[in-house]
Amino acid sequence: MLGSTHGTLTTDSRRGRVVACGEQPAPAVHGRPADVDDYDVSGRPLYAGVPDLDRFFRPESVAVIGASDGEGRPNTGVTRQLLSWTERVGARLYPVHPTRDSVFGISCSPSVRDLPEQVDLAVLLVADPLPLIEELGEAKVKFAVVFASGFAETGDEGAVAQGRLTAAVERAGVRLLGPNTNLNAFERFRDDLEGPSIALITQSGHQGRPVFALQELGIRLSHWAPTGNEADLETADFISYFAERPEVGAIACYIEGLKDGRSFLLAADRAARRGVPVVAVKVGRTETGARTAASHTGKLTGADEVVDAAMRQFGVIRVDGLDELQDSAALLARARPPRADGVVVYSISGGTGAHVADLASEAGLRLPQLSEARQAELHQWIPEYLSVANPVDNGGHPVGDWRGRKIIDAILDDPEVGVLICPVTGPFPPLSDRLVRDLVDAAERTDKLVCVVWGSPVGTEPVYRDVLLGSSRVATFRTVANCLTAVRAHLDHHRFVTGYRSPFDEAPRTPSPSFRKAQALMRPGQQLSEHAAKQLLRAYGIRVPREQLVTSAAAAVRAAGLVGYPVVMKASGAQIAHKTELGLVKIGLTSASQVRDAYRELTDIARYEDVSLDGVLVCQMVERGVEMVVGVTHDELFGPTVTVGLGGVLVEVLRDTAVRVPPFGEEQARDMLAELRGRALLDGVRGRPPADLDALVEVVLRVQRMALELGDDLAELDINPLMVLPRGQGAVALDALAVCR
C-alpha cells in the first residue's frame, strides 16, 4: 500500500510545483517526510499521502460559528440540521456566537478560544471566514467547512480572495472544505443497508442527488464530499481517502474542474492499486460546458481530450450523464469480479434479443456464440426453430413453468459466459413475475453477473419494487443503454486492475546522459530550426535521415554526393513552421544541376518571404513507410503530454491521434496505437508490409523521456512525419519542430 511507508499527509504546499533538475526538494511540510525521494525528473510529485479525514466525517466534537435559532434566519436552518447530524453520529455540538447566551437551549461560547475542549470540526456560518482561520489554528481545530460564496467562482477579484484564504489555511494547519460548498456531507445516510458502499464526491451538490437517492433502492451510500471551490481539500484528497476505506466499493464523482492534474492522477493511481473503481462525470466536453464550469468553480477545466486520456490511462471510468453515473457506480460497487467476459442476451422475444445484442456489440461487449452442445441442451426446453446461439430466444412460454429456470441455469453454467442480460421491455404477468423470480433465484446461487432491464415506464409493479429491487444479487436497470454502459465499465475496470502496475513506481528520478546534450540546444523563448530540432532528437537516440546543413550551392552539391541521391532539400530556420506551404521543400532531386537550382530557388523564396535561414538541409530521401506524427504539448493541468497519430500534411485534417500524460510504460504506448482509427495502416494494407511497431513504440517512449526531462522548458515538439519503415527496419524522423518556453 503506497501510504503505508510514508505516513499521513495533511497538506502539501509544493504539490504540482515544477523544480529544476538537480534541485533538492524542500524540507518536510506539514508532516511530509523530508527524506523521501518522491519527485520525478521534471520535479513533479510521484507520491501523495492520504489525508486522515476520519474526524471530518465522524467528529467527536463540532463548533458551529455563527450558530442561530432566530426565526427566519438562514443560519437557523443550517444550525438545526447540524444539531440533528451530530446527534446521529454521536458528536458534541458547541454553538459559537459573540452576542448569544444559548442556541437551541445549548450554551453558546463567544469564540472558539472559549470552547471547553479542542474540537475536530468547525462549521463557519459567516460571510467572511478569513479573520477566523488564524483563531482556528491556535485552537488546534482539525477541519473547517466554509459555505460562503464570492470567491474564485466570481472572477479575478474572488480568486485573489480565495488565494488569501488558502494561504491562511496552510499557515494555520487547518484542513478546509470549500468555500462555496453546502451541507451534503451532513446528510442523513441510511444505516440499515449492507454490502459495499458508494462514496460520493461532487463539486455541485445538487448533481449528487441521483446517486444519493440510490439508498431508496437499497444501495448503500457511506460518504458525500461536496468539495465546492477546493481552496484546500480537493477531489483527489477524497479519492485517496475513500480508496483506503474497506467499506467503499466504488467512488462516484461529479467534477467540474480539476485543481491539480498530477494530484488527481496520483489519487486515481491509488484507487487502481487498491482495485477500487472510480466513475466520474467530468464537465467540459464542449466549449460551452468548459466555460460554464470555469465560471462556477473558478478552476481550470483543461483540454478535454487530455482529461479524457488521462482518466482512461489511470482507470477512471468517464460517463456523461448522472443516470449513467448512478447505474455504473451501483453495479461496480456491488458486483463480484467477473469469471469471464462473455455476455449472453436472454429474452422472450427474438426482436428484443436481436436489438439488445446489436447494441451490446456496438458498445464493445463480447457476445460469444454458444457451443453446439450448449445449444442442444437449451433446445430441450426451447423449440428447435428458435435461435439460441446468442442471443437466446425462448419464445415466451418456457418462462411460465419449470423450464425457465433450467434455461437460465444452463446459460450461467457455460464457462464462456460471465454476464447474463435479460431485457424485459414491459410487464406481462404472470409470466414476467415468474421470469423475474427465476432470475433472482439463479443469481443467488451463482457468482456470475445477472442483469435485468425493467423497461416498464411505470415502475410501480410489485415484482419490480419488491422482488427485483429487493435482491442484492441482481443488477436492475431501467434502460438498455445504462445497462450496457455499466456492464462495459464493470468488465473494463476488472480487466484494467488485473496486473495493474503503477507508472509512478518506474518513473525516472534522475536525468539521463541525453539531458545535458539537450539542455545545450535549448533556446528559451525561441523556436528551434529544423536542424537544431533534429539534433535534439539525436540527443535522445531518435533516428533522423543522413543530412548536412549547407550555406552555398557548391556545398549543397558536395553534401548530396555524400548523402546519396536522390535527396530532399529544405530551408532551415528558426522562424519556419510550415515549409511546404511556402514552397521551401524540394524532393526527389537526382543530379547536381537539380541540387544547385533547388538551392538558389529555396534561398530566393526565403528572401522574398523575409524568412531568416541558418542554411539549407540536404537530406537522405526516405520513401517507403507509414507517415506518423509524434509530439509533445504542454497542458495547463497535467504539464507535458505525448501525442501519436497519423502524420503527413493532412494531420490537422484527419485529427487521428491518441494522447497520454507521462509517466507511462510500453503497454500504454501500444494502447495509444490501438486507439487510432487508422491503426490498420500500421498492420499493412493493399499489399504493403507491416510497419515496425516496436520502433514506433520506442520513439514514443524516447519522446516521453525527453518531455519528462526537459519538463516545462519544452513547450512544443512535433515530429512530422515520422516515417515508420517496414518491420525490422526502424523509424526515421523526417522533419521536426521544437519550441522552447
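We did not get these values from a lab; they are worked out from the coordinates using the rules stated. In this text the structure is predicted, and so the values were computed from the model without any measurement. Using ideal geometry, Cβ is built from the backbone for each residue, glycine included, and neighbour counts are taken over all protein chains shown.
Under 5 Å between amide H atoms, partner at least 5 residues away or on a different chain: which partners does LEU177 have, H built in plane at 1.01 Å?
The list, which skips near neighbours in sequence, is ALA144, VAL145, VAL146.
Helix 322-334: angle to the longest alpha-carbon principal axis of the chain, degrees 0 to 90, nearest 10?
Relative to the chain, helix 322-334 is tipped by roughly 80 degrees.
Can you give the Rg to Rh ratio of region 321-472, both from alpha-carbon atoms, with Rh computed by the Kirkwood formula? Please list the in-between numbers first.
Values: Rg = 14.7 Å, Rh = 15.7 Å.
The Rg/Rh ratio comes out at 0.93.
Could you work out the Kirkwood radius for the chain, taking every pair of different alpha carbons, averaging 1/r and inverting it, reported in Å?
Computed over Cα pairs of the chain, the Kirkwood hydrodynamic radius comes out at 29.5 Å.
Rounding to the nearest 10 and keeping the result within 0 to 90°, find how far the Cα-based axis of helix 480-497 lies from the longest principal axis of the chain.
70 degrees
Could you state the angle between the C-alpha long axis of helix 74-89 and the longest principal axis of the C-alpha atoms of the chain, as a value from 0 to 90 degrees rounded to the nearest 10?
80 degrees
Using DSSP, restrict attention to beta bridges with both residues in the chain and report what percent are antiparallel, rounded to the nearest 5.
45 percent
Divide by every residue of the chain the summed helix terms, -39500 (n - 2.57) for each DSSP H run of at least 4, and state the resulting mean residue ellipticity at 222 nm, rounded to the nearest 500 deg cm²/dmol.
Result for the chain: -10500 deg cm²/dmol, rounded to the nearest 500.
Evaluate the Debye formula for region 54-177 with equal point scatterers sitting on the alpha carbons, no solvent, and hand back log10 of I(q)/I(0) at q = 0.12, 0.16, 0.19 Å⁻¹, in q order, two decimals.
Taken in order of the listed q values, log10 I(q)/I(0) reads -0.43, -0.76, -1.04.
Using θ = phi - 60° and the Karplus curve 6.51 cos²θ - 1.76 cosθ + 1.60, what whole-Hz ³J(HN,Hα) does each residue of region 609-622 get, with Gly and Pro shown as x?
Per-residue couplings from phi come out as 7, 6, 9, 7, 10, 9, x, 10, 8, 10, 10, 4, 8, 10 Hz.
Region 546-620: Rg/Rh from Cα coordinates, Kirkwood Rh?
That ratio equals 0.93.
Along region 439-448, what does the Karplus equation 6.51 cos²θ - 1.76 cosθ + 1.60 (θ = phi - 60°) give for ³J(HN,Hα), rounded to whole Hz, x for Gly and Pro?
Taking θ as phi minus 60°, the curve returns 5, 5, 4, 5, 5, 5, 9, 10, 9, 8 Hz for region 439-448.
Considering region 626-740, what Rg and Dmax in Å follow from its alpha-carbon atoms?
Here Rg and the maximum Cα pair distance are 13.4, 44 Å.
If packing is taken as the average count of other Cβ atoms within 10 Å, what order do 214-220, 465-471 fall into, highest mean first?
Per-residue mean Cβ counts within 10 Å order the peptides as 214-220, 465-471.
Please compute the alpha carbon radius of gyration of region 202-281, then divide it by the globular-protein estimate 2.2 N^0.38 Å. Two decimals is fine.
Ratio of Rg to 2.2 N^0.38 Å for region 202-281: 1.05.
Could you give me the ³J(HN,Hα) list for region 655-665, computed from phi with Karplus coefficients 6.51, -1.76, 1.60 and θ = phi - 60°, whole Hz, x at Gly and Pro?
Each residue's phi maps through the Karplus curve to give 6, 9, 9, 10, 10, 9, 9, x, x, 8, x Hz.
Using the number of other C-beta atoms within 10 angstrom as an exposure proxy, rank GLU581, GLU609 with the fewest first.
GLU581, GLU609
In region 607-688, how does Rg compare with the Kirkwood Rh, expressed as the Rg/Rh ratio over alpha carbon atoms? Don't jump to the answer; show the numbers that get you there.
Values: Rg = 16.6 Å, Rh = 15.4 Å.
Across region 607-688, the Cα-based Rg/Rh ratio is 1.08.
Cα atoms only, region 189-334: Rg and Dmax in Å?
Spelled out, the Cα radius of gyration and Dmax of region 189-334 are 14.1, 43 Å.
P(r) for region 383-496, please, calculated from all Cα pair distances in 10 Å bins and given in %.
Cα pair-distance distribution for region 383-496, in percent: 13, 46, 35, 6, 0.
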